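J.: Quick one: the structure is below, questions incoming.
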Amino acid sequence: MDKPKLLVLLGPTAVGKTKLSLELAQRFGCEIISGDSMQVYRGMDIGTAKASEAEQRLVPHHLIDIHDPAYPFSAAEFQERVKSLITDIHARGKLPFIVGGTGLYIESVCYNYQFTDVGMDEAFRQEQEAYALANGDEALHLRLRDIDPESADRLHANDRRRVIRALEVAHVSGQTFSAHLAAQKKESPYELCIIGLTMDRALLYKRIEERIDEMMNEGLIQEVQKILDAGCPKQAISMQALGYKEIVRYLDGELSLEEAVTLLKRDTRRFAKRQLSWFRHMKDIYWVDVTETANFSAHFQLINDIIVGKFVHKIEYNQQP
């Protein structure tokens, strides 16, 4: 029996996934599944760079605005929901199309990761939480770096929940989280076509900084304040996201606005670097360099040809970023 087809477009933040995804989705009859761990939250629009309402009307979108910001969304829930969506989308005669930059989430679907293998230790988790509160997220992150430097490279120090989970996996299983990921079978239940977008690092960083300036002008501060006013705890997973954690610190008086924006730009550049590092550990990616942003039509045609070749003519195509 033929495997169901699954199209994926991934890449670092600000590389230009949204515009290409909309064109590709219309060309190939796709429904888009957001592969972003924070776009699931209602009211978090500016800071997560969600597709606009007009863009979402062009193509059906899924896993956007499905939870309140206080909800603890996880990779396991993402995987479960996406597997069901893929079945439903195929049943409608459409092509499921994951678009995003959250590497673990996307990879967990592509290769059917098992999240139930490693148990939990609530006492250990609370101990790490207390350590982070007493000593700071950077100190907790150093604990992870000591035992699992690969996971430390992939996870931001601010991402306390996932840092603690990586420590917990090593504590419970005796095997690092990175080793646990590497041991997954990496066999896909789908016929995959994964497109990766890359560009010159200096240009990417410039685009990131320009996007953050645009977010500030669009009202990111007011967006964060509104979420907090609605009762979302500052410790919620959603409030640890880039653009939210920094603004919370500004609203609390810990940082000046200039300091918060500078920190956000720095951390987003580092995040993009970690995204690319994660993707380079993945297999089956057809990389497309989109540095020449004026050549959108050429990039679109190249990606079109890759998809046609993979899903129709079954040709092989690959290049490294």
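J.: Is at least one residue of region 38-60 outside any loop (DSSP other than H, G, I, E, B), touching a strand residue (DSSP E or B) at 6+ places or on another chain (Cβ under 6 Å), in the same structural domain as Ile89 (by TED's automatic domain parsing) and of a type in the set (A, V, I, L, M, F, W, C)?
T.: no
J.: Which numbered condition trips up Thr293, out of (1) modelled with pLDDT of 95 or more; (2) more than 18 Å from the chain's Cα centre (by Cα); (3) not small (Gly, Ala, Ser)?
T.: Of (1) modelled with pLDDT of 95 or more; (2) more than 18 Å from the chain's Cα centre (by Cα); (3) not small (Gly, Ala, Ser), only one is false for Thr293: (1).
J.: Same structure again: Check Glu127, Glu80 and return the single one that is over 27 Å from Asp229 (Cα atoms), part of a helix (DSSP H, G or I), more than 21 Å from the chain's Cα centre (by Cα) and of a type in the set (Asp, Glu).
T.: On inspection, the qualifying residue turns out to be Glu127.
J.: Scan region 1-29 for residues that are among the acidic types (Asp, Glu), touching a helix residue (DSSP H, G or I) at 6+ places or on another chain (Cβ under 6 Å) and either not assigned by TED's automatic domain parsing to the domain that holds Ser297 or not in a helix (DSSP H, G or I) (or both) and report the count.
T.: So the count comes out to 0.
J.: For region 272-282, check the following and say yes or no: at least one residue is more than 30 Å from Asp68 (Cβ to Cβ) and in a loop (DSSP other than H, G, I, E, B).
T.: Checked against the condition, which is being more than 30 Å from Asp68 (Cβ to Cβ) and in a loop (DSSP other than H, G, I, E, B), region 272-282 yields at least one hit.
J.: Then there's this: Within region 137-182, can you find the residues that are small (Gly, Ala, Ser) and either crowded, with 18+ Cβ neighbours inside 10 Å or part of a helix (DSSP H, G or I) (or both)?
T.: Within region 137-182, Ala139, Ser151, Ala152, Ala157, Ala166, Ala170, Ser173, Ser178, Ala179, Ala182 qualify.
J.: What about Ile195, is it closer than 30 Å to Arg42 by Cβ, in contact (Cβ under 8 Å) with a residue 40 or more places away in the chain and either assigned to a helix (DSSP H, G or I) or touching a Leu at 6+ places or on another chain (Cβ under 6 Å) (or both)?
T.: Spelling it out, Ile195 is indeed closer than 30 Å to Arg42 by Cβ, in contact (Cβ under 8 Å) with a residue 40 or more places away in the chain and either assigned to a helix (DSSP H, G or I) or touching a Leu at 6+ places or on another chain (Cβ under 6 Å) (or both).
J.: Pairs needed: first member in region 10-27, without any contact (Cβ under 8 Å) to a residue 60 or more places away in the chain; second member anywhere, among the charged types (D, E, K, R); C-beta distance under 9 Å; at least 6 residues apart or different chains.
T.: Leu22/Glu55
J.: When you go through (1) buried (at least 22 other Cβ atoms within 10 Å of the Cβ); (2) out of contact with any helix residue (DSSP H, G or I) (no Cβ under 9 Å at 6 or more places or on another chain); (3) free of Cβ contacts under 8 Å to residues at least 60 places away in the same chain one by one for Ala54, which number turns out not to apply?
T.: Status for Ala54: all satisfied but (1).
J.: Here is a follow-up. If you check Lys226 against the conditions, is it surrounded by fewer than 15 Cβ atoms within 10 Å (Cβ to Cβ) and touching a residue at least 12 places away in the same chain (Cβ under 8 Å)?
T.: yes
J.: Among Asp200, Asp213, which is more than 19 Å from Gly101 (Cβ to Cβ) and in the same structural domain as Ser108 (by TED's automatic domain parsing)?
T.: Criteria check complete, one pass: Asp213.
The values are calculated or read from the model by the stated rules, or taken from the named source; none is laboratory data. Everything numeric in this text was worked out from a predicted model, so none of it was measured. Cβ coordinates were reconstructed from backbone atoms using ideal geometry, including for glycine residues, and neighbour counts include every protein chain displayed.
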